[in-house]
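The values are calculated or read from the model by the stated rules, or taken from the named source; none is laboratory data. The model shown is predicted, which means the values in this text are computed figures rather than measured ones. Note: ideal-geometry Cβ built from the backbone for every residue, glycine included; neighbour counts use all protein chains shown. Each accessible area value is taken on the protein alone, full model and side chains, heavy atoms only, with ligands, DNA and RNA left out. Shrake-Rupley method; radii C 1.70, N 1.55, O 1.52, S 1.80 Å.
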Amino acid sequence: MDEITEGDGQMRTLYLRPSEVGATPFLNLSPVGEETGSPALRDWIREVLAAVPESESGAAIFWNDGKAWAVLPPFSIEEDRCADGTDVSGLEEVYERDVTVGVVLLRMGRYAIGVVRDKSLLASKTDTRHVKNRHRAGGSSQRRFMRSRDRLIRELYDEACAVTRRIFEPHLDTIDCVLTGGERQTINGFLKRCEFLEKSDLPVMKRLLAVERPSHKALEGIHREVWKSRVLVFDRAE
């Protein structure tokens with residue numbers, strides 16, 4: 001934020017809701033459009049907008065003649081708008097929002113489930129469950145091993161889902177969204193298996209929280225990942 005607010009030259013600001021990231025309508029609006037800047041400058045910001053990846057939370061874009069910053073915030077930007085100068089009020093609104101998040105951290109053999117508001121862990125449960133590691137044996141032995149491993153994985157998913165329900169249900173009226181962390185393939189399998197989350201109205205965000213080992217300690221510090229933004233920096237070619 002300091003680098004953006006202290007940027008050299010005439011700064012401009014553009015806020016895009018999630019549905020507008022990658023869309024084209026704002027390419028023709030001031031201060032992006034024909035009213036502002038040279039054709040080269042307009043081409044420059046068009047290149048930046050084309051390079052910003054899809055974001056389920058939208059994007060805040062700041063730029064001058066030589067540099068641009070795209071901030072993908074942790075939670076959704078709710079209003080499309082553009083302005084001359086550096087306007088960080090839209091990001092401040094996101095960062096100051098009172099958000100309660102259901103968190104599911106899961107890796108093979110271990111899970112940590114919690115409800116987080118700001119830096120506070122309101123409820124939590126962690127546990128381990130044995131899942132056999134892969135092995136390279138062949139033939140019928142391997143098939144028996146894989147059937148056993150698949151059963152253990154299903155049992156892990158079902159136990160983690162039951163715990164998720166127990167931890168989340170007292171907070172269903174206040175949980176704004178669910179964030180998951182761990183290994184992507186494991187999380188995807190869990191989400192397909194967990195009927196509670198599938199049938200609930202809780203939105204599950206796509207971004208994955210970085211966590212090496214699901215544990216109570218990981219849950220106590222997970223707010224730092226929950227509120228993390230992604231920042232992309234673009235330098236204009238001469």
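Quick notes on this structure:
- Residue ID - nearest to residue 194 (Cα to Cα), chosen from residues in region 128-154 that are modelled with pLDDT of 80 or more and open to solvent by 60 Å² or more (accessible area, probe 1.4 Å): 154
- Just one of the listed residues (104, 115, 48) is in contact with a Cys (Cβ under 9 Å, 6 or more places away or on another chain) and at negative phi, namely 104.
- Residue check for residue 192: part of a helix (DSSP H, G or I) and surrounded by fewer than 16 Cβ atoms within 10 Å (Cβ to Cβ): yes
- Members of region 179-189 found to be surrounded by 14 or more Cβ atoms within 10 Å (Cβ to Cβ), farther than 30 Å from residue 61 by Cβ and touching a residue at least 40 places away in the same chain (Cβ under 8 Å), listed by number: 182, 186
- Residue ID - surrounded by the most Cβ atoms within 10 Å (Cβ to Cβ), chosen from residues in region 207-238 that are touching a residue at least 12 places away in the same chain (Cβ under 8 Å) and under 22 Å from residue 154 (Cα atoms): 214
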